[in-house]
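**Student:** Submitted below is the structure of interest, expressed as structure tokens.
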């Protein structure tokens, strides 16, 4: 089953790359916004005095921050209108583009420790964690003329290339493979135009092959949602959480019956900040429905543009065990850390405000940090 999923995943990436051979020819990302190519202004048409508020820092850095920040001044106001009312540039539907312009593709490294790396029999023990390479895509799709949009994304990861601890005998085909599929609905805020609320609801499906130290086949799913409020152009606060929808049975002990597992139910509060050079950082903290196993967690999501088309990403989360320190606490530990590069087919790597670029998917594809597993 997972091999079939992987084949479709590779075919999907191939189609996306082929479809992008024109490099989003009908649109060009210029001066912090996506515009039709025919309307893009030449370099000589830059209006530095109109795009920069009175800020010694930005004047000193000349037009670099001017372009990357999408025309923000030193006080964080957008260039949209006089006095930063945000009703000028960047608010029209022409900024959205088609599905290709709103597709992002990434590749990176991922390390994690999960429920599958522990055992309770004969003693509470934790085994090795897992390291691998991941790749995926995420696409935002229009729903007619609705402000609400759809998103579809998937990822594939390969871990433990040289095998890992397995009892009684390590398997020769012990490469762990993971696939995630995420699909749902969302609406971005548009703080420049006075729309401050963003929300999204998605369905996450997880496929695991040779998962955990006992090499299980596992299929789990959850519902994930978020709601945020943009305080200003640079800051947003909100909540996000998950609720499991299916169960599966896996082997985690040397002896004894199979364990029934599911995705953890969790609730988190977050703060998102958009930096002047177009990057964003999200810090979150939350709790779970099984405080005796996982008392609380904290995590961070980051993207930083290297150009208009490429960003560096780095994410992590840590689940604080519900038990005391020692063997039991070490066994219950869960964490995830990943880093890599994202390619934006529509050249939307730079975020001019905390609302993000129009048309891009709002929620990331699920991973080992957002779909946590418990029994």
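The values are calculated or read from the model by the stated rules, or taken from the named source; none is laboratory data. Here the structure is a predicted model, which is why all the values come from computation and not from measurement. So basically every Cβ, Gly included, is an ideal-geometry build from the backbone, and we count neighbours across all protein chains shown.
**Student:** Give the residue that is nearest to the chain's Cα centre (by Cα), with candidates limited to residues of the stretch 294-316 that are buried (at least 19 other Cβ atoms within 10 Å of the Cβ) and farther than 30 Å from residue 101 by Cα.
**Tutor:** Restricting to residues being buried (at least 19 other Cβ atoms within 10 Å of the Cβ) and farther than 30 Å from residue 101 by Cα, the top hit is 297.
**Student:** Separate question: Can you name every residue in the stretch 138-163 that is more than 21 Å from the chain's Cα centre (by Cα) and over 18 Å from residue 110 (Cβ atoms)? Spell out how you get there, then give the answer.
**Tutor:** Here is the first cut: in the stretch 138-163, the ones more than 21 Å from the chain's Cα centre (by Cα) are 143-147, 160-163.
The answer is 143, 144, 145, 146, 147.
**Student:** A further question follows. Conditions: (1) at pLDDT 90 or above; (2) at negative phi. Residue 89 meets all but one. Number of the miss?
**Tutor:** Looking at each condition in turn, residue 89 falls short on (1).
**Student:** Now for a separate question. Looking at this structure, is residue 230 touching a residue at least 40 places away in the same chain (Cβ under 8 Å), out of contact with any strand residue (DSSP E or B) (no Cβ under 8 Å at 6 or more places or on another chain) and crowded, with 17+ Cβ neighbours inside 10 Å?
**Tutor:** Numbers: touching a residue at least 40 places away in the same chain (Cβ under 8 Å): yes; out of contact with any strand residue (DSSP E or B) (no Cβ under 8 Å at 6 or more places or on another chain): no; crowded, with 17+ Cβ neighbours inside 10 Å: yes.
In short, no.
**Student:** Another question, then. Would you mind telling me which numbered condition in (1) closer than 15 Å to residue 112 by Cβ; (2) part of a loop (DSSP other than H, G, I, E, B) residue 291 fails?
**Tutor:** If we test residue 291 against (1) closer than 15 Å to residue 112 by Cβ; (2) part of a loop (DSSP other than H, G, I, E, B), just (1) comes out false.
**Student:** Please tell me if residue 352 is part of a loop (DSSP other than H, G, I, E, B), in the same structural domain as residue 116 (by TED's automatic domain parsing) and either closer than 25 Å to residue 239 by Cα or touching a strand residue (DSSP E or B) at 6+ places or on another chain (Cβ under 7 Å) (or both). Quick ask: steps written out before the conclusion?
**Tutor:** Values: part of a loop (DSSP other than H, G, I, E, B): yes; in the same structural domain as residue 116 (by TED's automatic domain parsing): yes; either closer than 25 Å to residue 239 by Cα or touching a strand residue (DSSP E or B) at 6+ places or on another chain (Cβ under 7 Å) (or both): yes.
Yes.
**Student:** Looking at this structure, is residue 249 assigned by TED's automatic domain parsing to the domain that holds residue 335, in a strand (DSSP E or B), more than 20 Å from residue 201 (Cα to Cα) and free of Cβ contacts under 8 Å to residues at least 24 places away in the same chain? Give the derivation first.
**Tutor:** Details: assigned by TED's automatic domain parsing to the domain that holds residue 335: yes; in a strand (DSSP E or B): yes; more than 20 Å from residue 201 (Cα to Cα): yes; free of Cβ contacts under 8 Å to residues at least 24 places away in the same chain: yes.
Criteria met by residue 249.
**Student:** How many of the residues making up the stretch 102-121 are part of a loop (DSSP other than H, G, I, E, B), at pLDDT below 95 and buried (at least 23 other Cβ atoms within 10 Å of the Cβ)? Talk me through it step by step, then tell me what you get.
**Tutor:** Quick first cut of the stretch 102-121, residues part of a loop (DSSP other than H, G, I, E, B) only: 102, 114, 120-121.
Adding the requirement that they be at pLDDT below 95 leaves 114, 120-121.
This time we only want the ones that are buried (at least 23 other Cβ atoms within 10 Å of the Cβ), so: none.
Result for the stretch 102-121: 0.
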